[in-house]
Amino acid sequence: MASVFPRFLAALFALAALAISPAFADGVFPQRPIKLVVPWGAGGGTDAIARTLGLLIERDLGKPVNVMNITGGSGVMGHQTVAMAAPDGYTIGLITAEITMMHHQGLTKLSGDSYTTLGLVNIDPAAVQVRADSPYKTIQDLVAAIKANPGKLKASGTARGGSWHLSLYGMLKAMGVDPLTVPWVPSMSNNAALLDLVAGGVDIVAGSHPEARALIDAGKVRSLAIMDDEPSKLFPKVPTLKSATGTHWESGVFRGIAAPKGLPKAVEERLAAAVKTAYESPEFKQFMDSRGFGRVWRDPKAFADHMAKVDAESGALMKSTGLVK
Amino acid sequence: MDPVHTAFALVFDPYVLVVILASAFYGLFIGAIPGLTATMATALLVPVTFFMPPIPAVAAIVTATAMAIFSGDIPGALMRIPGTPASAAYADEAYAMTKKGQAELVLGAGLVFSVIGGLIGTTILVFAAPSLAEVALKFSSFEYFWLVVLGLTCAIFIASDNLAKGFASLTLGLLVATVGMENPAAYPRYTFDRPELAGGITLIPMLVGLFAVSEILRFAVSTAPTLKLEQDRFGSIFRGQWKLLKQYPMATVRGSLLGTAVGALPGAGADIAAWISYAVSKKFSKTPEKFGTGHVEGIVESGAANNSALSGAWIPALVFGIPGDSITAIAIGVLYLKNMNPGPTIFMENPQNIYAVFIVFFIAQLLMLPLGWIAIKTYKQVLKVPRNVLMPLILLFCTVGAFAINNSVFDIGVMLAFGVLGWLLEANRFPVAPVILGAVLGHMLEENFITSMIKADGNVWSFFERPIAGTLGVVTLLVWMVPIVLRLSRKGRVAHG
Amino acid sequence: MTVRVNDVVSGVLVGALGIAALTIAQSFPEIPGEPGPALFPRLAGAGLLVVAVALVLGGWGGRNAAPWVEWPEWFSHPRCFAAVVVIVAGLAITALYVETLGFFICAPLLVGALLVALSVRVAVAIPVALIATAVVHAIFYSGLRVALPWGLFERFAW
């Protein structure tokens, strides 16, 4: 009996040695399955976008693309996993707007610069929502009420310092209102904030149209304006901030595909091409339209620029409103 | 053809039926394995439902979760390792019954009353969803705050003989809930600069550690012979259930209604429903002293509650697209994906789809009877495997389960730490279950208190100003005061008499 | 059973945890207009202190009935001791190294070692450990798409 164990160990080591030995063939990329890391949970909007893209990228590359949800640390863990992975193209990730904010809050050292960008596929602009039976029919009504009673109207939509928080504060600032006159009520999700809005707990919710869609359709919530230069596809009748007030302020969340820094040029180009093909496919368009997500394309360079711009804006806003030191 | 007929045709399609059957077995399997939960069953199903038409996709989720919540009772009763958090509330009680040789009665009760609870919850979902959802929409943080306080009060009711130790466990759970930055201030607390801790301590690895790993450790050092199920005496699980139903009709109905109501409130789910029901059952029982010694009454009530909560959670999900729990949060994503957008319009546009979903709910509940019977029989066979072979296998499943929830090896460490902690607590007669309750409710308690204070500019009376919040607040205070007043007056009478 | 302590000792331990929680919470910032992130940790810490006092007072009366610390009997049982070490060390090693070594190395080692420690014969333990690993991998990786780490076997990944 006792002789079995050493033999088992020997076999194990032989197998391990085989595994460590240099690659048998350096063929065309990809040789094996690719991991697509999602920093958020299965079943959410980000996950659904990643899974759709994953299928389409898989079709183009001819190797399985396995979606992997790494949800720890409020998005930090997933973003970190992508940035720290071996730069061989076998680990890519769907990175989200939080990457431009977390480092200002001291949660991570990573920023948009920590990645090789492959393509941005989605932007969902922020919008301002109120209860359907509230007296505020337009964004001007609302801003007038804020100015008349500083501190009385409460807003919500995400965690303290989250992207919708910054969107709203940025809008107020751009309109010449002190953002701190609208106290922010933190919420765990936009859904929870909308529920609180309907229950009469808060007065304003900042968030995207796809998130508010069900309650707007149900006649419980009214959207006053969207922080973008184009009206949204879901609710084209909701005015843009610029058309309603003349103030120019664009803000929203984005999602894009990225890989670790230092990717071989050939691999980078192959992956970027696969992301673009996936983005342009009719399946992706159909999926994004059915969920109401904004289908926006930025090539790798423009994606990096977009992150840098949002990063600078977020940093300045967080400092000026005392959200970070 | 009218929508109801179309709906039946949609469901009684061979492909859909095969999907329902397959997901039923899948749910039973996941739920029965310690470390794998109903929420995980749903999350892991998402990629699979991606390739399905709408009705089978939703059917797969509905069936799998119902089965998983029930089958979580099985390892709880037979090994004292609850398969899902929803079974943790009464795992000790169920195991005590098994030790008394009543394994078939407790498993049968778990099955039969899960089915009854599920059927009642589904009936309410079908006939009262829109109006109930309107009520759920009146709940703001003030109302939730009181609800959570009531939930925590339950821990006191079901606390063991030693109140101080029960309170210590509960407080420990509350402290665990403060870890991480998912608090209203988004400030990282007790994270020791570890990014893994920034999101807080994940409930599932903690639960698996406290219950399963500690049980494996206890087994490893026990020199006493392990509990043997008397296989020959393992009779019909259905025997005696009719008698139970006649004995506890109130408990059954109360559990089902409470479960549906708690489930329908966004943010509370089957787990909390089971805890509250168990406490309510003890509170209103004619024989509260029997609770904890292997008494079936609490299992009847909370078993019905956790399955009805599943249906309840779909009420706000279908009517307003607001998830009632973590399972429906995932299901809503699937509904949108399949162009069955939740909202009042779901009942008007393509009503056959929503009717089909309702039919699936009923099929899933009824299917639970034969399949649950098979599952229990199979599990009994599993227990024939010698424990010293079984325990390492359970440990492997626990490890994979803890890893899979976040794809994080850190959670394996969390599981280990809480395994050792649970082992030490148990040996020193600290109850383990309140740690879980504290960790589950701690987040909600803090979030709802702080956000309420921000909304009310620090005015404490605001917790009583809204009608529902005021009522809940007064009820909570009464629940606290009445036993104290009763005890004082009784003492007074003894002193004078 | 494991280490058993007198209620006085467990009270002191609970109190120490409470004090640690309170001490760390001192550094949490204040937020103007809000109760701030320190409130709940302080409440939990204070709660632990209250319980600690109750435990110490309650245990003081019975301090002669129960020994301060009761070492479990399995300390002198090599088999039991080995099993505990295998569970704790096995899980710790898995947590630390499974990403480098891979599931196919850590899983059979964890299961196999524990089987042997629980006095299952080696000839049974090895096939059981290998089959369990293969089955779990098939169910979770191939069936449910859980990204179990490949580690050293990355290039054989399917």
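Averaged over the residues of A:189-200, the number of partner chain Cβ atoms lying within 10 Å of the residue Cβ comes to 6.
Here the contact order of chain B, divided by its residue count and restricted to Cα pairs under 8 Å and six or more residues apart, works out to 27 percent.
Across peptide B:40-48, the mean count of Cβ atoms from other chains lying within 10 Å of each residue's own Cβ comes to 5.
Using the per-residue mean of other Cβ atoms lying within 10 Å as a proxy for protection, in what order, highest first, do the peptides B:438-447, A:126-135, A:284-293, C:81-90 fall?
B:438-447, A:126-135, C:81-90, A:284-293
Only DSSP H runs of four or more residues enter the estimate; each adds -39500 (n - 2.57), and after division by the residues of chain B the mean residue ellipticity at 222 nm equals -24000 deg cm²/dmol.
Working note: 222 nm ellipticity from helices only, DSSP H runs with n ≥ 4, each -39,500 (n - 2.57), summed and divided by the residues of chain A, gives -13000 deg cm²/dmol to the nearest 500. Counted over the protein assembly as shown, the DSSP beta bridges are approximately 70% antiparallel.
A run of chain B free of exposed loop cleavage sites, with trypsin sites (Lys or Arg not before Pro) counted only in DSSP states other than H, G, I, E and B and at most 10 other beta carbons within 10 Å, reaches its longest extent at B:1-227. Taking a ≥ b ≥ c as the square roots of the eigenvalues of the Cα gyration tensor of region A:105-221, is the shape rounded (a/c under 1.5), prolate (a/b larger than b/c) or oblate? In terms of gyration-tensor shape, prolate. In the assembled protein chains, A:THR158 presents an accessible area of approximately 30 Å² (probe radius 1.4 Å). Considering only the other residues whose Cβ falls under 12 Å of the Cβ of B:MET250, what net charge follows from Lys and Arg at +1 and Asp and Glu at -1? Result for the neighbourhood of B:MET250: +1. Quick check for you: which residues of region C:113-138 have the amide N under 14 Å from the point 7 Å beyond the Cα of C:ARG79 toward its beta carbon? It comes to C:115-122, nothing else.
Near C:LEU96, once Lys and Arg are set to +1 and Asp and Glu to -1 for all other residues with Cβ below 15 Å from its Cβ, the sum equals -2. Computed with every protein chain present, the accessible area of B:TYR248 is close to 30 Å² [probe 1.4 Å]. Once you reduce region B:382-440 and region B:56-117 to the center of their Cα atoms, the two points are 18 Å from each other. Neighbours of B:GLY240 by Cβ distance under 13 Å: Lys/Arg scored +1, Asp/Glu scored -1, total +2.
Taking the centroid of alpha carbons for each part, region B:10-34 and region A:107-133 are 37 Å apart.
Peptide A:107-116 has a mean of 1 when you count, residue by residue, the C-beta atoms of other protein chains within 10 Å of its C-beta.
The packing ranking of peptides B:293-300, B:478-485, highest mean first, is B:293-300, B:478-485, where packing means the average number of other beta carbon atoms within 10 angstrom of each residue. Helix A:4-20 and the longest principal axis of the Cα set of chain A meet at an angle near 70°. Buried accessible surface for the B/A chain pair comes to about 3600 Å², total over both chains, computed with a 1.4 Å probe.
Buried area at the B:C interface is about 5200 square angstrom, summed over both chains, from accessible surfaces computed with a 1.4 angstrom probe.
On the basis of the beta-carbon distance and an R0 of 45 Å, B:VAL18 and A:LYS147 show a calculated FRET efficiency of 0.15. Here the mean projected area of the convex hull built on the C-alpha positions of region C:52-158 is 10.7 nm². Quick check: the angle from helix A:163-174's long axis to the longest principal axis of chain A, C-alpha only, nearest 10 degrees? The angle comes out at about 40 degrees. Taking packing as the residue-averaged number of other Cβ atoms within 10 angstrom, the listed peptides B:404-414, A:71-81 run from highest to lowest as A:71-81, B:404-414. Approximating the spin labels as points 7 Å out from Cα along Cα→Cβ, the A:THR138-to-B:PHE50 distance works out to 4.6 nm.
The values are calculated or read from the model by the stated rules, or taken from the named source; none is laboratory data. In this text the structure is predicted, and so the values were computed from the model without any measurement. Note that each Cβ is placed from the backbone with ideal geometry, even for glycine, and that neighbours are counted across all protein chains shown. Areas reflect the complete protein model, heavy atoms only, side chains present, ligands, DNA and RNA absent. Shrake-Rupley method; radii C 1.70, N 1.55, O 1.52, S 1.80 Å.
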